[in-house]
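To keep things clear, I will list the structure first and then write my remarks on it.
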Amino acid sequence: MTEINILFDPVSNAEIADIMGVTRQKVSSLHFHKKLPEPYKILKCGPLWDRKEITDWLVSNNMIKEQEINNAEITTDNLI
């Protein structure tokens, strides 16, 4: 039997807001108006996206620059 290793690095509206340099409310609005891809999972606390998928999507749709991803990762990694 082949074992599949699936990695999911969940990010919420708050982390996406940090990456984009906007408010959580702006990210919620973008999601509501279908201007973001469908989240990987929706929980009671809100939608979750995979970090790599959403950052790749944001870059490819000219919503952020690649450099902004690196700056946001440094900020959010320091919170723990």
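A few points about this structure:
- With all protein chains in place and ligands, DNA and RNA left out, the 1.4 Å accessible area ranks Met20, Met63 as Met63, Met20, largest first.
- Computed packing ranks the peptides 28-41, 6-19 as 6-19, 28-41, most packed first, by mean other Cβ atoms within 10 Å.
The values are calculated or read from the model by the stated rules, or taken from the named source; none is laboratory data. All figures in this text were calculated on a predicted structure; none of them were measured in a lab. Backbone-built Cβ (ideal geometry, glycine too); neighbour counts: all protein chains shown. Quick note on the areas: whole protein, heavy atoms, side chains included, nothing else; ligands and nucleic acids left out. Shrake-Rupley method; radii C 1.70, N 1.55, O 1.52, S 1.80 Å.
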